[in-house]
1. Give the residue, chosen from L149, L142, that is within 21 Å of the chain's Cα centre (by Cα) and either modelled with pLDDT of 90 or more or closer than 30 Å to K194 by Cα (or both).
2. Could you tell me which numbered condition E87 fails, if it satisfies all but one of (1) buried (at least 17 other Cβ atoms within 10 Å of the Cβ); (2) at pLDDT 90 or above?
3. Condition check: closer than 25 Å to S301 by Cβ, loosely packed, with under 14 Cβ neighbours inside 10 Å and not charged (D, E, K, R). Does V34 satisfy that?
4. Across region 380-402, which residue is surrounded by the most Cβ atoms within 10 Å (Cβ to Cβ) among those that are among the acidic types (D, E) and modelled with pLDDT under 90?
5. How about region 403-413: which of its residues are surrounded by 15 or more Cβ atoms within 10 Å (Cβ to Cβ) and without any contact (Cβ under 8 Å) to a residue 60 or more places away in the chain?
6. When you scan region 65-136 for helices (runs of 4 or more DSSP H) that lie fully inside it, which ones turn up with 1 or more residues that are over 25 Å from L188 (Cα atoms) and in contact with a helix residue (DSSP H, G or I) (Cβ under 8 Å, 6 or more places away or on another chain)?
7. Tell me, please, whether a residue that is in contact with a helix residue (DSSP H, G or I) (Cβ under 9 Å, 6 or more places away or on another chain) and assigned to a helix (DSSP H, G or I) can be found in region 378-388.
Amino acid sequence: MTRPPFQIDETGGPKFTRAWVIHPDIKNDNDRRVAEPALAEAIALAEALPQLEVAGSDIVPLRTVSAGMLLGSGKIEELKSKFEAAEVELVLIDGPVTPVQQRNLEKAWNVKLLDRTGLILEIFSDRAATREGVLQVEMAALNYQRTRLVRAWTHLERQRGGLGFVGGPGETQIEADRRAIDDQLVRLRRQLDKVVKTRALHRAARAKVPYPIVALVGYTNAGKSTLFNRLTGADVMAKDMLFATLDPTMRSLVLPDGPEIILSDTVGFISDLPTELVAAFRATLEEVLAADIICHVRDISHDETEEQARNVRDILASLGVPKETRSFEIWNKVDLLPDDRADAVRARAGRDDSVLAISALSGEGLDHMQAVIAEALQGAVREADLTLAFSDGKKRAWLFEQEVVLDEKQTEDGFVLTVRWSAQQEAQFQRL
C-alpha cells in the first residue's frame, strides 16, 4: 500500500500521468444520470488524485453497450486519435467496465484504463491514513481485483497500471491465483477484526460516559469536515475536492447551554459507490449506526443536491440505520447562492424543524444549529433503575449488549439494574 505520491521524471521532478475522462451516456439505462454534471463529477474524481493531469474529457452517447468493446468501432478510432494527439496514458471510464472490455480497449488504444470503481479505489488507497482505513481499502481492492485477475488471465503477461492497486513500477503484482488472493483476504480480515475489536472497546468506554454521539454524514465534498473543524477547532483535512476525508474522526464538543457530545466526521458518500467499499467500510460506519442524532450535510448550492441527497439516504438505508434515529438535514453553503435563492432556502428551512440552513465557512446559522441539536438531545441520556425477573434473560442480555448497564445486584426475585440509556434505547427495550 505504501508508495511515493508521484513517479519521478528524468529532471527529478514529479511525473504526472495524463488522463482522459469518458462518461458513457447510455440511453436505455434506467439509472441514467444527467450527462454534464455526471462528467463534471468524474473529472473531479480524477483531479482528487494528485498524480493525475486531466488532458481532456468526452460524453459518449450510446444506444447499446458492446459486450466486448463497450463502445462502437468508429468511436474507438475517433477517441484513439484524440488520445494520441494529447499523449494520453490513462483513460478513465465513468461507469462499470468488464475485464474483457478493459483488456480490449487497452489493446485498441494502447493505454491503461480504469473504470469508476477502480478510480474510487485508487483515491481511497491514496487517502487512507489509519491502520483500519488501509486494511479496509486493501480488502476492497482485492475483492475487486479477484474477478479481474482470474477472468483476464491472458492479460497477465504484462504488469498493468502505474498508479496504485492496478500495478506499476516498483509495486508488487498480486498473484493471479485465486487461492493466493483468498489467503490474503483471510489475513487482512484477521487484522481488521483486531482493529474492529479495539474500536468496539473504545465505543464501550464511551458508552459508560453520558455523551451522546452526533454523526455528520453526506455526499462527498458537501462541507462536513469544514463544519466539523469550525465546531470543534480540529484540523481535519478540508479541501474543495472529492473524498478529502476518508478516515473517521471524533471530537468532544460542549453545545452552548446544552450537553457535551461526541461529534463524528465520516467518509463522504457518492453515487454508484462500489459495493466492495460499502462492505469494507461498514465497520467504520458503525459509528453512524450508534449515533443518537444524524446530521445529513448537503451542499445546497450544488445543481444535483436532490440527487446527492437521495444517494446518501439510500446508502444509510442499506447500512441499516434505525428508522427511529433522530436526523436533521443541514443545508450547507448558503453563502454560495444568489441572494434570492439563499433567502428562499432560509425561508424553507424555517418552516421545517428538521432542516437547518448554514454556512460552515462563514459561520451563518451555526449557533442556531447547535441550539436545535442541544434541545433534541436534552434528556437523551439518563439513568434509570430496572427490576428484571430471572425469566427475563433476553432483556438482560440485550441491556448488556447495548453496554448501558452501570450496576447490577441479584435479589431473591431477580436482578436490579442501574442503566444509563438514551430515549431511543429505552423505546427499543420496551418493544422487546
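1. Of the residues listed, the single one that is within 21 Å of the chain's Cα centre (by Cα) and either modelled with pLDDT of 90 or more or closer than 30 Å to K194 by Cα (or both) is L142.
2. Failing condition for E87: (1).
3. Against the criterion (closer than 25 Å to S301 by Cβ, loosely packed, with under 14 Cβ neighbours inside 10 Å and not charged (D, E, K, R)), V34 qualifies.
4. So the residue we want is E383.
5. V405, E408
6. Those helices (runs of 4 or more DSSP H) span 73-86, 99-109.
7. The answer is no; no qualifying residue exists.
The values are calculated or read from the model by the stated rules, or taken from the named source; none is laboratory data. Computed from a predicted structure; not experimentally measured. Here the Cβ is made from the backbone with ideal geometry for all residues, glycine too, and neighbour counts use every protein chain on show.
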